[in-house]
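The values are calculated or read from the model by the stated rules, or taken from the named source; none is laboratory data. Computed from a prediction, not measured in an experiment: that's the story for all the values here. Methodologically, a virtual Cβ is constructed for each residue, glycine included, from the backbone with ideal geometry; neighbour enumeration extends over all protein chains shown.
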Amino acid sequence: MQTDALPTGYTSFVAVGDSFTEGMSDLLPDGSYRGWADLLAARLAAREPGFRYANLAVRGKLIRQISEDQVDTAAAMRADLVTLVGGLNDVLRPKCDVDTVCALLESSVERLAPSCKQLVLMRSPARRGPVATRFLPRMEQLFSFVDDLAERHGALVVDLYGAEVLGDRRMWADDRLHLTADGHRRVAEAVWQTLGLPAQDDWTLGLPPAVPAAWASRRAADLRFTREHLFPWIGRRLTGRSSGDGRPAKRPDLLPYDG
């Protein structure tokens, strides 16, 4: 990446949200997660000397927890750029009051928008299939509200749900909840372009036609998913636990980006 390119106008960036913004499942060799926000920060830092970055996201967080634990901290940092993505964890639960989710999202936007040069919201991506179809009315209500919030508060919206390629099952990790490395790369490019910065590639470009897997391979994958991801998720729901319990923010302080 060329560091002598024109500056972006964004000298600091704070990311707010849940596992999507934390970067699961863009796994690095050391076992940590990278994700779209880190990728975006790297690209911004390459054009802005002294660029600073914080990522307050924690996996498993619901919109109330994001609103209470992250939003005021992010607002106090007075960053040029803030991204807020949350609420999808809520609407994918069996019992959810979408109006309450929207109210918490609105409260968060009201505090964040005046604190930064540019607030970015998103229509979150979702893996196409029966789960997304079942909760589609809730998701559409949430996304419509996001559009309305953005219009009222001068925020930008990145429509990831509307991108067909991000619904492709091959863009999703084995847990079927989080994007692969390629998915996160595309999200970073989508945000970059939404900010009005020069495109590096077409993030909406579809994948080659899929080759159907053999029946035995599909069943083995289903069993592995059930054992390694579904049962543990059910166990946490039954016991009132979250994958993010006790976990600190990814990058809690707004510090110079060091790669």
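Structure above, values below:
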quantity: Residue in the stretch 179-201 that is surrounded by the fewest Cβ atoms within 10 Å (Cβ to Cβ), counting only those that are touching a Lys or Arg at 6+ places or on another chain (Cβ under 9 Å) and either outside any helix (DSSP H, G or I) or at pLDDT below 80 (or both); calculated: 201
quantity: Hits in the stretch 162-176 - residues which are crowded, with 19+ Cβ neighbours inside 10 Å and either of a type in the set (Gly, Ala, Ser) or not in a helix (DSSP H, G or I) (or both); calculated: 163, 172
quantity: Filter result for the condition that a residue is free of Cβ contacts under 8 Å to residues at least 24 places away in the same chain, of a type in the set (D, E, K, R) and within 17 Å of residue 146 (Cα to Cα), over 97, 69, 30; calculated: 97
quantity: Sole exception among (1) assigned to a helix (DSSP H, G or I); (2) touching a Gly at 6+ places or on another chain (Cβ under 6 Å) for residue 59, by number; calculated: (1)
quantity: Contacts under 7 angstrom Cβ, first residue in the stretch 159-178 being under 17 Å from residue 204 (Cβ atoms) and modelled with pLDDT of 95 or more, partner surrounded by fewer than 18 Cβ atoms within 10 Å (Cβ to Cβ) and of a type in the set (Asp, Glu), 6 or more apart; calculated: 171/182
quantity: Where residue 49 falls short, out of the listed (1) within 30 Å of residue 134 (Cα to Cα); (2) free of Cβ contacts under 8 Å to residues at least 12 places away in the same chain; calculated: (1)
quantity: Evaluation of residue 137 against (1) part of a helix (DSSP H, G or I); (2) over 21 Å from residue 56 (Cα atoms); (3) of a type outside the set (S, T, N, Q); (4) touching a Phe, Trp or Tyr at 6+ places or on another chain (Cβ under 6 Å) (one fails), failing number; calculated: (4)
quantity: Residue list for the stretch 62-88, restricted to those being within 25 Å of residue 253 (Cα to Cα), under 18 Å from the mean Cα position of the chain (by Cα) and either outside any helix (DSSP H, G or I) or modelled with pLDDT under 95 (or both); calculated: 62, 81, 82, 83, 84, 85, 86, 87
quantity: Where a residue in the stretch 112-141 is polar (S, T, N, Q) and its partner, wherever it lies, is assigned to a helix (DSSP H, G or I), with Cβ under 6 Å and at least six apart; calculated: 115/75; 124/88; 141/98
quantity: One residue from 210, 220 being loosely packed, with under 13 Cβ neighbours inside 10 Å, in contact with a helix residue (DSSP H, G or I) (Cβ under 7 Å, 6 or more places away or on another chain) and modelled with pLDDT under 90; calculated: 210
quantity: Residue ID - modelled with the lowest pLDDT, chosen from residues in the stretch 1-15 that are more than 16 Å from residue 194 (Cα to Cα) and in contact with a helix residue (DSSP H, G or I) (Cβ under 8 Å, 6 or more places away or on another chain); calculated: 1
quantity: Tally of residues being surrounded by 15 or more Cβ atoms within 10 Å (Cβ to Cβ), of a type in the set (A, V, I, L, M, F, W, C) and closer than 22 Å to residue 184 by Cβ across the stretch 110-149; calculated: 10
quantity: Residue list for the stretch 79-92, filter: of a type outside the set (Gly, Ala, Ser) and in contact (Cβ under 8 Å) with a residue 60 or more places away in the chain; calculated: 80, 81, 82, 83, 84, 85, 88, 89
quantity: Matching residues, the stretch 183-206, being over 15 Å from the mean Cα position of the chain (by Cα) and of a type outside the set (Ser, Thr, Tyr); calculated: 193, 195, 196, 197, 198, 199, 200, 201, 202, 203, 205, 206
quantity: Qualifying residue in the stretch 16-28 (condition: within 15 Å of the chain's Cα centre (by Cα), among the β-branched types (Val, Ile, Thr) and not in a loop (DSSP other than H, G, I, E, B)); calculated: yes
